[in-house]
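None of the figures in this text is laboratory data; all of them are computed from the coordinates on show. A quick note: this is a predicted structure, and the numbers were derived from the prediction, not measured. As a convention, Cβ positions derive from the backbone with ideal geometry for all residues, glycine included, and neighbour counts pool all protein chains shown.
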Amino acid sequence: MANKDAPQERQRRQLERKRGRRASYDRILIVSEGSKTEPNYFGEIRQAYRIHTANVVVRPSELGTAPIQVVQYAEALFASGDKHKNIQRRAFEQVYAVFDRDDHGSYFEALERAESLDNKLKNDNKQFVRFRAIASVPSFELWLLLHYEEIQAPIHCDEVMRRLKNHISNYKKGATCTFSITRERLPEATRRAQALATQFNARTAPEPFTAIVELVELLTHLRMEK
């Protein structure tokens, strides 16, 4: 008979309880370039919409902030998991790598690598997994600025920050409560980001573009999915 107090047995029971709490919608892994900005933002959405933490895991890249490193870490975390963070291997239906264009040299390599992984990896249910790059040109803050302004022409990340601070005076990288501050303007940001996506995409840099809208829409509609 197994010892109920053995570490392996306790871990097994914890995993079973976690699986029992998991909701019926997809399990999603989000890996971000930023260590605080994006995790804070997506974490706020998860809390606001009461999304199970067992369904949506948000982690910053631990390999580095270059786009290719973000994609590589997302791939490695999906494939191997991380027992110290209670992340099981291949325990997701969707994987997203979130990064900025900025001046990163590996940006286009990261886009290509993410595309090559899409519907190529299998999860623990032997299902093919969606693997997507969520890129912003020039930066994540463009998504926030779109809550307040129309942006149609190329814009440097420094100018994005300057203009964003005209609307959120205390904004800085790693800020908290950003989603709650901007939430009422989400429809405008969605409309503007989707309009940009009809003209540009992640590969047409330096033209403004952000796929953050796709991920936000996915998360805010999760509880409607069956």
Inset, instruction - Take the Cα atoms of segment 47-139, build their convex hull, and give its volume per residue in Å³. - result: 100
Legend entry - Charged-residue dipole, Cβ positions (Lys, Arg, Asp, Glu), the chain about Cα centre, Debye nearest 20: 1400
Legend entry - Per-residue HN-Hα couplings for segment 90-96 [Karplus 6.51, -1.76, 1.60; θ = phi - 60°; Hz; x = Gly/Pro]: 6, 9, 9, 9, 9, 10, 10
Inset, instruction - Determine, for segment 24-224, the count of lysine pairs separated by eight or more sequence positions (or lying on different chains) whose alpha-carbon distance falls under 18 Å. - result: 4
Inset, instruction - Pick out the long, greasy-scoring helices in the chain: whole DSSP H runs spanning 18 Å or more along their own axis by Cα, mean Kyte-Doolittle at least -1.0. - result: 67-80
Legend entry - Computed log₁₀ I(q)/I(0) - Debye formula, equal Cα scatterers, no solvent, segment 112-201, q 0.10, 0.11 Å⁻¹: -0.36, -0.43
Inset, instruction - Mind telling me which of 142, 29, 186 comes out most flexible in a GNM of the chain, alpha-carbon contacts under 10 Å? - result: 186
Inset, instruction - Choose one answer from 122, 83, 173: the residue with the largest mean-square fluctuation in a GNM of the chain with alpha-carbon springs under 10 Å. - result: 83
Inset, instruction - Using 0.36 nm per residue of separation minus the Cα-Cα distance, give me the extension gain between residue 172 and residue 128 in nm, one decimal. - result: 12.0 nm
Legend entry - Share of Cα-Cα pairs in the chain lying beyond 33 Å, as whole percent: 18
Legend entry - Within a Gaussian network of the chain (alpha carbon springs, distance under 10 Å), most fluctuating of 172, 36, 126: 126
Inset, instruction - Hey, can you grab everything whose amide H is under 5 Å from the amide H of residue 95? Only 5+ residues off in sequence or another chain; H modelled, so Pro and N-termini drop out. - result: 29, 130, 131, 132
Inset, instruction - Using the charge dipole of the chain (Lys, Arg: +1 at Cβ; Asp, Glu: -1 at Cβ; taken about the Cα centre), state which of 151, 95, 71 has its Cα farthest towards the positive end. - result: 95
